[in-house]
Structures are given as C-alpha cells and as structure tokens.
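One structure below.
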Amino acid sequence: MKRLIGVLVIFAVLFASFGCQAAAKKPKIGVAIYKFDDTFMSYVRNKIETSAKDKIEISVQDSQYDQPKQNDQVDQFLTQGYTSLAINLVDPSAVSVVIGKVQAKKTPIVFFNREPVAVDMAKYDKAYYVGAKAQESGTMEGELVVDYWKNTPAADKNKDGIIQYVMLIGDPSNTDAQYRTEYSIKAIEAAGLKVEKLAEDTAMWDRVKGQEKTAAWLAKFGDKIEVILANNDDMALGAIEACKAAGLTALGGKKPMVIVGVDATPPALDALEQGFLVGTVLNDAERQGLATFDLAFALATGAKEVKSDVAPLANAAGKADPAGKYIWVPYVKVTKENYKSFKK
Amino acid sequence: MGNTDFASSLKKLGPASAKEFASKNAIMLVLAGLVILIGIVQPSFLSIDNLLNILRISSVRAIIAMGVGGILITRGTDLSAGRTVGLAACIAASLTQRPDYVSKMFPDLPLLPFILPVLAAVSAGLVVGLFNGLVVAFLNVPPFITTLGTMVIVYGAASLYVDRPPRGAQPIGGLREDFTNLGTGSVGLPDVFSIPNLIILAAIVTVIIWVMLNKTRLGKNIYAIGGNPEAAAVSGVNVKKNLILVYVIGGFMYGLAGVLLAARSGGATNNYGQMYELDAIAACVIGGVSTSGGIGTVAGMLTGVLIFEVLNNGLVILGVSAYWQQIAKGLIIIAAVAVDIRKYLAKR
C-alpha cells in the first residue's frame, strides 16, 4: 500500500510539472542537424548556437544521417513543448512525415540547408525554408574555371582549345553534388568553351578519397588533365595533395594544375593563398545559420511578422516567392583577389 | 638416397605439387592475377609512380590491418579501429598547424617539437586500446560489443575535440611541412631512386609485428589464446594480460596510422577513418586470418591490404563507375576467401 501511494505521489508530481511546462510555454527552439560530422553544417550550427546564446533556450540534436532517428527527435521536441523547430532534413524527399507531425501540433517549422519537396512545403502554412540555390554553386564554380582559363593561356596544356577535366563528385545521391557536377560544366560551355571529360568518380566529399582517386587519374592521364573540378573543398584539397605528390607546382609555377572547389573552408583559403587552388565558392554558412535562427526565433516568440535581417523573406535571388516561405542565401565566389575578407 | 627416390621426388614436382603450391598461395596468386589483368587492360596502372602510390596508401592501411589482425587471431575483433585512426589524425593535425595559419585550432599554440604531437596522437590510440583490453579481459564483455561501444565513444570524443572554441568544428588544415613530409616525403636521391617515408615506416612496423607474432612469447600466447583460450589458461598463459596487451598494441597501431594519414593528406576532420576497421578486417580475412581465431600471418594481412588497394586504385584507373566499384569489391572479397579457404577444406 505504501509503495502504491509512493508511486501515485511520483506520478502526481510528474503530471504537475508537465502541467506547469505546458501552461508556461516558454519559447524554445528545437534544432536537428542531419549529421554533426558534416563540416559545413557545423558552421551553420555554430552560428545558430552563438546567435541563440542569452536570447532563447535551444536544444540541438544530431540526427546521425538517419531520418527515422530525426523523426523521433521531432516527436520529442513536440512533446516537450518546443515553440518552433529548425530542421536540417536527413532525407529531403521524406519531409511529409515531419510536416504531418508539426502540423498536428500547430508548431511552426523552419527547414534549412536541405530543401524539402515543394509539394509538401505547400501543405503547411507555417513551414519555411532557408537555404542556397544549389545550382548557383555549380554555376559559380564553372565561372571560376572560365575566368582563369581565359586569362591564362598556359592553362591549355596541349593547346587544343579544349578543357580536359576530371570531376570529383561528392555523394552521387545528393542533389548538391548532382547540381555542382552538372551546372559547373554547363557554365563553362555557356561561356563558349569546349570541354572533354576524362574521368569522373565519387570521393564522398572526403579529402583522403579525393587524394586517392586523383592520384590514380594522374597515373593514368598525366599531363592530359588540365582542370580538376571538385564538388567540395575537402576533395579539392585531397586533389592538391595528390598533385603535389606527382610533382605539380603552384599556379604560375612550371607544372601547375587548375583546381576549383566549393565551400571556402579555412584550409581551402590557405591553399588559395599558397596558389594551389584557383578558386572556391562560399556557401555562406554564417548567413544561413543566422537567417535560420532569426526566422526560428521570430516564430518561437510569436512575432506577428516574420522576416530575417540577413535576407528578406520574399526573395534574395531576385525571383518572386509569393508564399513568402523561402529565404535564399546567395553564394559568393572566392578567389585570390578577395579571399582575405573571408578569413576568420 | 637412390635414383628411385630422386625420380619419385621429381614426380612430386609435377602437376600435384604445382596444385599444392597454388592452393597454399592462392591469395598471392589472386593478387598477382589482379595486377597483371589490370596492367594489361590499362598499362599506366603499372607505372612506377602509380605502384608507389598504391604502396603509400597501403602503408597506412597495412598498419591498421596488422593492429586488427593480432586481435582477430585471439578470437577478438576491433570495430573502434577506424574511429581511433580518426581521433589520432585530428590530434596530430591540430598540434602541427603552421604558426602563420590563420584558422588555427589552438590560436596560441607554440611551435612544438615534431615528436610531441606524434606522441600525443599515438597515446590517444594507446588509451583507447587499453580501455578495450581492460573491458574485454576483466568485464568479459564480448569484443564485438566492447569495441562497438568504443567506436561510438571515440567518434564522440574526436567530435568534441574538434568542435572547440574559438572557431568551432572545422576541417583542420595548414599543417607544417616538416610534419606532412612524414607522409609525403621520401628517403634517397630525388629523381634517381627514393623510397617514400610511409613505405619505410610500414616496413619497420611489419618487421616488428612479424617478430612479435613469430618469435616472442607474446606471439605464441596470442595464437594459443586464439586456438583455445581454456587450454591456454590451463597451460599457464595469463590470458587477461595477453589480451590487454594485444588491444593496446592495436591501439598503438591505429594511433600511428592516424598520424600518418593526417601527414599524407595534409589535414584531418573528425570524419577521418570512418569504416577503415571494416576494410582492415576484410583485408585480414582475405589474407587468411581466421575470424574464429588462432590462424593468421603477417604476410597474409599485407596481401589482403594490397588486394584491396590494387582494386581501389585499379578500378578507378579502369574507369569503372563508382557503383560498380562497390559491387566488384564485394564480389572479390567473397571470391578471394572462397578460393583461400580450400586449403583448409582439403586438410579435412
């Protein structure tokens, strides 16, 4: 009997505390990142965390590249009464489940960096998206090659007027990787240059794999390779190490190689400074993080009008967004001329 | 010895002995076959530069494989190998950033003597190995579970280590040249004859591990424990002590491999080394190390690693699509073991 009373008391206390929580509805933001070991996302995460400091309570979870796990995390946020969610989807095509959950609780949600299917976004009026136009990163990467190629006749090693290139692809199932692969080449062709693909392969965004694949290509093609395009900087840096091992020099040296990447990570900026990297494209992690936080903060605290200091909700890329649900954070080209302003 | 004896031994050298040779060294023949086959289709595969390149990559992988190999022989396994390599790579890289590199992980870090970062990274490996060994030996947690746990713990630790103020998580780059030289440099006369440092280091480690497994009491104990732990204990082998030692040696090897991986690639992230344990275990198994314990040689482990890296490099050179590379690798793992296992089947 005593035990039963004890259990009842515990339950009563628990219920009471839950009740208090529900009544107060203290504003707090639940954040889930698709995986913590993604370099870019860790910058976004840092920005969200530092922005939230002293302003609002947040909880940041690692979804470990596992959508079911992320769904559980969303459930947990919702039962704990979080007032807005900021979700970096693991699988952007599987967003309908998440939207169903938040819609049932009428909790506003900001998706960021990994863009959900548009049809699902339209189903819920309190669903927003913050991100960059992935195609733009590819286009800018291609333009970096074009600019360098046109200004540097020596880049055309065999003087045939055609760019012989190899492509290091990230995760082939990832849309960013697909866009960068496709649009970088489209941009080069759009500038009136001819290209010839010698090889392409996946290096899973990884520096070591990028190095190993490039080393194999250098053994096979040697000086035939004129340009190395990498879907991200880590792989570009791996390619640089492979080129160094094969006796290639910095740009302007005797045996240079044109290498471009995307992300503008600190090691990539260092490689730019040393003349091993022609250019990289900054996916502005800080501005993405800030825009995500601004939006989630406004939603969590019940602001009537939602807008971000970073980019107006309407649009940033110049295209009208009638629903006012998308924030497009622009990419930035980083070259020898302007890299210093991105060093932190 | 009469003439008839001589004749009969000559007969033995005929087809039957060729068959025996083939079955004993099946795995070496698979490797040779692969090299020749890829070389015929794509001769640039056989260029000195490319072969050296394969050896350089294999050097790091071989060190990991020999670390896991010893553990496999004791009927254990080590799933934490890859992540420990990653942790060591992060530690080594973070302590060897150039003083003028802007985004240093430790902004006020002085120029450390070369050996300190290496020792720090290797020590991290040792600690992980010691932990694995203690848990396996004293808490009797199965090695698969123990190291599954440490795999996750070590990844968490590496992520915590990298994600620190003032800059937060980011790839660690801008490494000092004297450090990266460890992974990219060579000894000898440039343009005439030189051997990459990595290959020399891997060769030294190989000799040490070979001696340890074949010429020391520890080695004999490792095989004895793997063959039959109860019998080993009865015959006076201190099973717990030897188990701990073999995990500690494994940890040391992962630490060293992490240092070399960071040096070779010129950087590190907390994602380094992911799944390397599976490559290493697969390489050992291909090389004839038995997962049920007691059997395995250093030569076999090295051959397994080489088969793996010849495939990795060869398939890229052949221009095989990334998806087919995976399928081809999987099939060859199974095929290689199927061929190799015949020598044990024949004995029965």
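Helical content alone sets the calculated 222 nm signal of chain A at -14000 deg cm²/dmol, taking -39,500 (n - 2.57) per DSSP H segment of four or more residues and averaging over every residue. The trypsin sites (Lys or Arg not before Pro) of the range A:127-175 that meet both conditions, a loop assignment by DSSP and at most 10 other Cβ atoms within 10 Å of the site Cβ, are A:Lys159.
Comparing the range A:135-283 with the 2.2 N^0.38 Å rule of thumb, its C-alpha radius of gyration ratio is 0.91 (two decimals). Positive-end ranking of B:Val162, B:Val127, B:Leu37 along the dipole of the range B:31-341, with charges on Cβ about the Cα centre, is headed by B:Val127. Alpha-carbon geometry of the range A:37-80: the Rg and the Dmax are 11.9, 32 Å, given in that order. Considering helices alone, the calculated mean residue ellipticity of chain B at 222 nm is -23500 deg cm²/dmol, with DSSP H runs of length four and up weighted by -39500 (n - 2.57) and normalised per residue. Across all Cα atoms of the range B:226-312, the radius of gyration (one decimal) and Dmax (whole number) stand at 15.8, 50 Å. The charge dipole of chain B, taken about the Cα centre with unit charges on the Cβ atoms of Lys, Arg (+1) and Asp, Glu (-1), comes to about 920 debye, rounded to the nearest 20. Given their separation in residues at 0.36 nm each and the Cα-Cα distance between them, A:Asp75 and A:Thr50 gain 6.5 nm when the chain is fully extended. Taking the dipole about the Cα centre of the range A:135-283, with the C-beta of Lys and Arg at +1 and of Asp and Glu at -1, give me whichever of A:Ala216, A:Leu272, A:Ile169 is farthest to the positive side. About the Cα centre, the residue reaching furthest to the positive side is A:Ala216.
For chain A, the longest principal axis of the Cα atoms and the long axis of helix A:39-52 meet at an angle of about 40 degrees. Relative contact order, whole percent, for chain A stands at 17, derived from Cα pairs under 8 Å and 6 or more residues apart. Backbone phi angles across the range B:47-58, fed through the Karplus curve with coefficients 6.51, -1.76 and 1.60 (θ = phi - 60°), yield HN-Hα couplings of 5, 4, 4, 5, 5, 4, 4, 4, 5, 4, 5, 5 Hz in residue order; Gly and Pro are listed as x. Placing unit charges on the Cβ atoms only, positive for Lys and Arg and negative for Asp and Glu, gives the protein assembly as shown a dipole magnitude near 1680 debye about its Cα centre. The GNM of chain B, with springs linking C-alpha atoms under 10 angstrom apart, assigns the highest mean-square fluctuation among B:Leu306, B:Leu201, B:Leu37 to B:Leu37. When the pairs A:Lys209/B:Lys329; A:Lys159/A:Lys220; A:Lys69/A:Lys133; A:Lys150/A:Lys209 are compared against a 25 Å limit on Cα-Cα distance, A:Lys69/A:Lys133; A:Lys150/A:Lys209 fall above it.
Candidates A:Thr202, A:Ile29, A:Val329 compared by Cα position along the dipole of the protein assembly as shown: farthest toward the positive end lies A:Ile29, with charges placed on Cβ. Kirkwood hydrodynamic radius computed over the range B:31-341 comes to 20.0 Å, based on all pairs of distinct alpha carbons.
So the label point goes 7 Å from the Cα of A:Asn158 along Cα→C-beta, right? Which residues of the range A:182-208 then have their backbone N under 11 Å from it? Counting backbone N atoms under 11 Å from the label point, the list is A:196-198. Seen against the Cα atoms of chain B and their longest principal axis, helix B:115-138 is set at about 60 degrees. Annotation for A:Lys35 and A:Lys336: the two label points, set 7 Å from Cα along the Cα-Cβ direction, are 3.6 nm apart.
Return one number: the angle in degrees, 0 to 90 and rounded to the nearest 10, between the long axis of the Cα atoms of helix A:207-221 and the longest principal axis of the Cα atoms of chain A. Approximately 20 degrees, to the nearest ten. Restricting the calculation to Cα atoms, every distinct pair contributes to the Kirkwood radius of the range A:76-152, found to be 14.3 Å. Each 10 Å bin, from zero up to the one with the longest distance, holds this percent of the alpha carbon pairs of the protein assembly as shown: 3, 14, 22, 23, 19, 12, 6, 2, 1, 0, 0. For the pair B:Asp49 and A:Ala191, a Förster radius of 41 Å applied to the C-beta separation gives a FRET efficiency near 0.75, rounded to the nearest 0.05.
For B:Leu109 and B:Ser292, compute 0.36 nm times the residue count separating them, minus their Cα-Cα distance, and round to one decimal in nm.
Numbers: separation 183, 0.36 × 183 = 65.88 nm, distance 4.71 nm.
Length gained between B:Leu109 and B:Ser292: 61.2 nm.
How high is the relative contact order of the range A:135-283, in percent, with contacts defined as C-alpha pairs under 8 Å that are six or more residues apart? Could the numbers behind the result be given before it?
Details: 312 pairs, mean separation 38.4, N = 149.
Relative contact order, the range A:135-283: 26 percent.
Compute the FRET efficiency between B:Ser123 and A:Ala122 as 1/(1 + (r/R0)^6), taking r as their Cβ-Cβ distance and R0 = 56 Å, and round to the nearest 0.05. E between B:Ser123 and A:Ala122, to the nearest 0.05, is 0.50. When chain B is treated as a GNM with alpha-carbon contacts under 10 Å, the residue of B:Val85, B:Val41, B:Val337 showing the greatest mean-square fluctuation is B:Val41. Under the simplified labelling scheme, the B:Gln326-B:Ile195 pair shows an inter-label distance of 3.8 nm, with each label point 7 Å from Cα along Cα→Cβ. The label point for A:Ser93 and the one for B:Leu148, both projected 7 Å from the Cα toward the Cβ, are 3.0 nm apart. Pairs of C-alpha atoms in chain A farther apart than 39 Å represent 25 percent of all such pairs. Within the listed set B:Met212, B:Met301, B:Met66, the residue fluctuating most in the Gaussian network model of chain B (springs between alpha-carbon atoms under 10 angstrom) is B:Met212.
Sequence-distant contacts, meaning Cα pairs under 8 Å at least 6 residues apart, place the relative contact order of the range B:31-341 at 35 percent. This ranking places A:Thr79, A:Thr249, A:Thr214 by how few other beta-carbon atoms lie within 10 Å of each, fewest first, which gives A:Thr79, A:Thr249, A:Thr214.
Computed from the coordinates by the stated procedures, all read-outs in this text should not be read as laboratory data. Since the model is a prediction, treat every value here as computed from it, not as a measurement. Neighbour counts run over all protein chains shown; Cβ positions are idealised from the backbone, glycine included.
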